[in-house]
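The values are calculated or read from the model by the stated rules, or taken from the named source; none is laboratory data. Just so it is clear, the model here is predicted, and its values are computed rather than measured. Note: ideal-geometry Cβ built from the backbone for every residue, glycine included; neighbour counts use all protein chains shown.
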Amino acid sequence: MKETLTYKILNAHKVSEDLENNKMSIKIDQTLTQDATGTMAYLEFISFGLDKVRTDLSVSYVDHNTLQNGFMNADDHKFLQTVADKYGIVFSKAGNGICHQVNLERFAVPGRTILGSDSHTPTSSGVGAIAIGAGGLDVACAMAGMPFTIVRPKVVGVKLINKLRDGVSAKDIIIYLLGILTVKGGVNKVIEYYGEGVKTLSVPERATICNMGAELGATSSVFPSDEITKEFLKIQKREQDYKPLSADEGCQYDEDITIDLATLEPMASCPNSPDAVKPVSELKDIKVDQVLIGSCTNSSYYDFVKVASILKGKKIHKNVSLGIAPGSQQVLQMITKNGILDILLEAGARILESACGPCIGMGQSPATDAVSLRTFNRNFYGRSGTNSASVYLVSPEVAALSAVNGYISNPLGCKKLDEFSLDVDYPKCDSLLYQPEFKAEVVMGPNIKPLPKFKPIGHKFNAKVMISLEDNITTDHIMPAGAKVLPYRSNIEKISEFVFSNIDEGFSKRCLDNKSGVIVAKQNYGQGSSREHAAIAPRYLGIKAVIAQSFARIHKKNLINFGILPIELDINAKLLDEIEVSYDRNRIVVVNKSNNETYEKMNDLTDEEYNLIEVGGLLNTF
């Protein structure tokens with residue numbers, strides 16, 4: 001039988017299969033964590049009582065919360081480093097770069113499975129791996145050698161034909177696809193790219209596309225491993241990791257999409273969703289206040305070559321603030337040695353740390369009502385740190401040209417490379433990567449609190465509606481990030497004060513006053529970041545169930561992992577309505593006692609998921 005590339009890799013790692021529930025469990029070769037989610041993941045791993053990780057490779061990155069504002073962040077980083085040393089995990093110190101950029105450079109291998117406690121882990125699929133984002137507890141289990149269970153994904157075949165015109169980039173491909181599929185169109189699917197157009201894309205470009213596949217809600221995205229991949233691994237001095245991998249000729253996809261790269265034009269994701277897509281040509285003359293180039297989506301050397309081609313000999317507009325964040329120490333060294341950094345500085349750019357930074361709300365918040373153009377992957381409401389700002393997601397070319405002109409500008413026809421060469425030396429840059437010595441004692445600062453233990457919710461309970469929400473509620477809505485919140489990521493009691501704080505400041509107190517509650521929402525609840533705090537903190541506040549028309553993949557699994565019942569129903573409810581929930585293995589009944597409406601559905605949880613709800617969450621099984 002002819003196989004897609006997706007199933008070649010998944011089937012090679014298959015541990016078991018549940019055809020009745022359309023699930024499969026796979027062996028995980030590699031894991032990655034970052035500091036915003038890693039502290040909780042390692043507390044969970046430590047609770048298993050093992051002496052070391054059971055993966056081929058696990059890497060702990062510090063890249064999200066690098067602002068040393070008070071003792072909390074520095075303490076957590078010390079905790080992460082000592083955990084890594086003791087349990088056999090490679091440690092990437094702050095300053096080494098963004099986890100996905102560094103992982104692509106140093107560790108991603110064709111044909112491997114990678115599980116990361118960050119939703120943009122599929123960046124590494126740009127080399128022909130299957131990389132998947134998950135909650136921290138699932139990653140902790142993978143580090144303990146347990147298989148990872150997923151819905152058997154449908155495979156969307158995206159055929160790329162022809163080649164991009166000058167001024168059009170890989171970012172435009174994925175934004176265009178978001179306009180077709182929307183932020184929920186990839187749920188329980190893998191997006192697989194093939195066709196002659198694939199050969200025209202470098203690995204950094206492929207990684208950009210895989211990175212933003214997370215915004216489709218996809219389980220993963222994947223490109224074949226070919227001669228382009230081989231050359232990338234060769235310049236990273238990892239040629240031994242190469243092996244060719246591609247789909248069988250004539251394999252069948254569950255869905256088919258064709259994109260003619262030659263007809264594509266520069267695109268933008270408009271406020272406040274990645275799928276609010278328009279051609280840049282329709283946005284011309286919108287005044288720009290801020291431009292930020294970087295993030296795990298567009299911070300490669302290749303990206304900065306294109307930016308320098310546009311900025312060379314020019315100055316940014318006097319009313320624009322331009323911030324640039326190289327994705328890794330390797331990228332920073334390269335743009336320094338090859339004269340690109342000088343061009344950026346002479347144009348008036350501010351050089352930021354090689355970290356996630358503004359993408360996760362850590363600095364560079366725009367002014368009130370400002371327009372901010374970002375080469376990032378998310379523009380959810382409030383994520384920038386300024387609720388009133390209008391944030392557009394664009395390519396490096398659009399960002400650079402707009403920074404010069406002071407308004408959103410169309411780079412169609414701009415030369416990609418000018419005189420800059422991609423045939424340059426790529427330094428190894430392992431000075432901030434530390435191999436484990438298996439001898440450290442774990443150091444925990446006072447902000448690191450014990451893991452909370454939750455009692456089962458029971459098979460029947462009454463609770464009031466604590467909040468009623470619309471479609472596409474993100475984990476940024478549920479559990480905001482940013483410099484004010486992230487330092488408490490290892491302190492659930494404190495971080496729970498911020499649940500829904502950007503849209504409902506009274507939520508936390510209301511939950512504590514009522515001692516229990518349910519959340520009601522519409523479609524695609526929990527899209528975005530993999531942060532399991534968006535499940536743990538509401539559970540700490542007494543939330544027993546979330547009733548929504550549909551759920552994002554990672555968040556639904558996080559809810560189950562921490563004993564919150566996810567119920568897929570469309571109910572008519574409002575704030576403080578009294579809800580009665582009863583369920584058994586076969587059915588779920590929800591009664592809105594405030595208006596006497598009853599809703600019933602089959603219980604679609606698997607036996608494993610049902611058992612986790614019964615015992616109060618995965619941690620209660622150890």
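Would you kindly identify the helices (runs of 4 or more DSSP H) lying entirely within region 477-570 that contain at least 1 residues that are free of Cβ contacts under 8 Å to residues at least 24 places away in the same chain and under 17 Å from Ala463 (Cα atoms)?
Values: elements: 492-495, 507-514, 533-540, 553-561.
Helices (runs of 4 or more DSSP H) meeting the threshold: 507-514.
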Exercise for review: May I ask you to say which residue of Asp504, Asp423, Asp471, Asp476 is closer than 30 Å to Gln330 by Cβ and surrounded by fewer than 22 Cβ atoms within 10 Å (Cβ to Cβ)?
Suggested key: Asp423
Check your understanding: Would you pick out the residues in region 207-237 that are outside any helix (DSSP H, G or I), closer than 13 Å to Ala131 by Cβ and not small (Gly, Ala, Ser)?
Key -> Thr219, Val222, Phe223
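Kindly indicate which of Ser117, Ser169, Ser92 is among the small types (Gly, Ala, Ser), crowded, with 24+ Cβ neighbours inside 10 Å and closer than 20 Å to Pro204 by Cα.
Details: Ser117 fails: closer than 20 Å to Pro204 by Cα; Ser92 fails: closer than 20 Å to Pro204 by Cα.
Result: Ser169 is the single residue among Ser117, Ser169, Ser92 that is among the small types (Gly, Ala, Ser), crowded, with 24+ Cβ neighbours inside 10 Å and closer than 20 Å to Pro204 by Cα.
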Exercise for review: Out of the residues in region 215-230 that are crowded, with 24+ Cβ neighbours inside 10 Å and of a type outside the set (Val, Ile, Thr), state the one that is farthest from the chain's Cα centre (by Cα).
Suggested key: Ser225
Check your understanding: On the given criteria, is Ser354 assigned to a loop (DSSP other than H, G, I, E, B) and under 23 Å from Phe232 (Cα atoms)?
Key -> yes
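Condition check ((1) among the acidic types (Asp, Glu); (2) closer than 26 Å to Leu201 by Cβ; (3) at pLDDT 95 or above; (4) assigned to a helix (DSSP H, G or I)) across all residues:
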site	(1), (2), (3), (4)
His100	no, yes, yes, yes
Ser124	no, yes, yes, yes
Ile132	no, yes, yes, no
Asp138	yes, no, yes, yes
Cys141	no, no, yes, yes
Point to revise | Where a residue in region 147-162 is not assigned by TED's automatic domain parsing to the domain that holds Gly195 and at pLDDT 95 or above and its partner, wherever it lies, is among the aliphatic types (A, V, I, L, M) and surrounded by fewer than 22 Cβ atoms within 10 Å (Cβ to Cβ), with Cβ under 6 Å and at least six apart | key: none
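Residues are listed down the side, and each one gets a yes or a no for (1) touching a Leu at 6+ places or on another chain (Cβ under 9 Å); (2) touching a residue at least 24 places away in the same chain (Cβ under 8 Å); (3) over 18 Å from Ile316 (Cα atoms):
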residue	(1), (2), (3)
Cys356	no, yes, yes
Asp369	no, no, yes
Gly382	no, yes, yes
Asn387	no, yes, yes
Ala400	yes, yes, no
Ala403	yes, yes, no
Asn410	yes, yes, no
Practice item. Could you tell me which numbered condition Ile257 fails, if it satisfies all but one of (1) crowded, with 17+ Cβ neighbours inside 10 Å; (2) within 25 Å of the chain's Cα centre (by Cα); (3) aliphatic (A, V, I, L, M)? Key: (1)
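Which one is surrounded by the most Cβ atoms within 10 Å (Cβ to Cβ), of the residues in region 576-591 that are touching a Ser or Thr at 6+ places or on another chain (Cβ under 6 Å) and of a type in the set (A, V, I, L, M)? Break it down into steps so the answer makes sense when it comes.
So the first thing to find is which residues in region 576-591 are touching a Ser or Thr at 6+ places or on another chain (Cβ under 6 Å), and the list is 577-578, 589, 591.
Keeping just the survivors that are of a type in the set (A, V, I, L, M) gives 589, 591.
Details: Val589: 15, Val591: 18.
Looking at residues that are touching a Ser or Thr at 6+ places or on another chain (Cβ under 6 Å) and of a type in the set (A, V, I, L, M), I get Val591.
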Exercise for review: With the condition kept exactly as written, say whether any residue in region 280-295 is on the phi > 0 side of the Ramachandran plot and either crowded, with 22+ Cβ neighbours inside 10 Å or touching a Cys at 6+ places or on another chain (Cβ under 9 Å) (or both).
Suggested key: yes
Review point. Which ones in region 22-76 are surrounded by fewer than 20 Cβ atoms within 10 Å (Cβ to Cβ) and part of a strand (DSSP E or B)?
Key: Lys23, Ser25, Leu57
Practice item. Consider Ser299 carefully, then state whether it is crowded, with 22+ Cβ neighbours inside 10 Å, touching a Cys at 6+ places or on another chain (Cβ under 9 Å), more than 14 Å from Ala403 (Cα to Cα) and not assigned by TED's automatic domain parsing to the domain that holds Asp172. Key: no
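Restricted to region 360-374, and to residues that are among the hydrophobic types (A, V, I, L, M, F, W, C) and farther than 16 Å from Tyr61 by Cα, which residue is surrounded by the most Cβ atoms within 10 Å (Cβ to Cβ)?
Going residue by residue through region 360-374, those that are among the hydrophobic types (A, V, I, L, M, F, W, C) are 360, 362, 367, 370-371, 373.
Those left that are additionally farther than 16 Å from Tyr61 by Cα: 362, 367, 370-371, 373.
On the way: Met362: 23, Ala367: 13, Ala370: 18, Val371: 22, Leu373: 30.
Filtering first and then ranking leaves Leu373.
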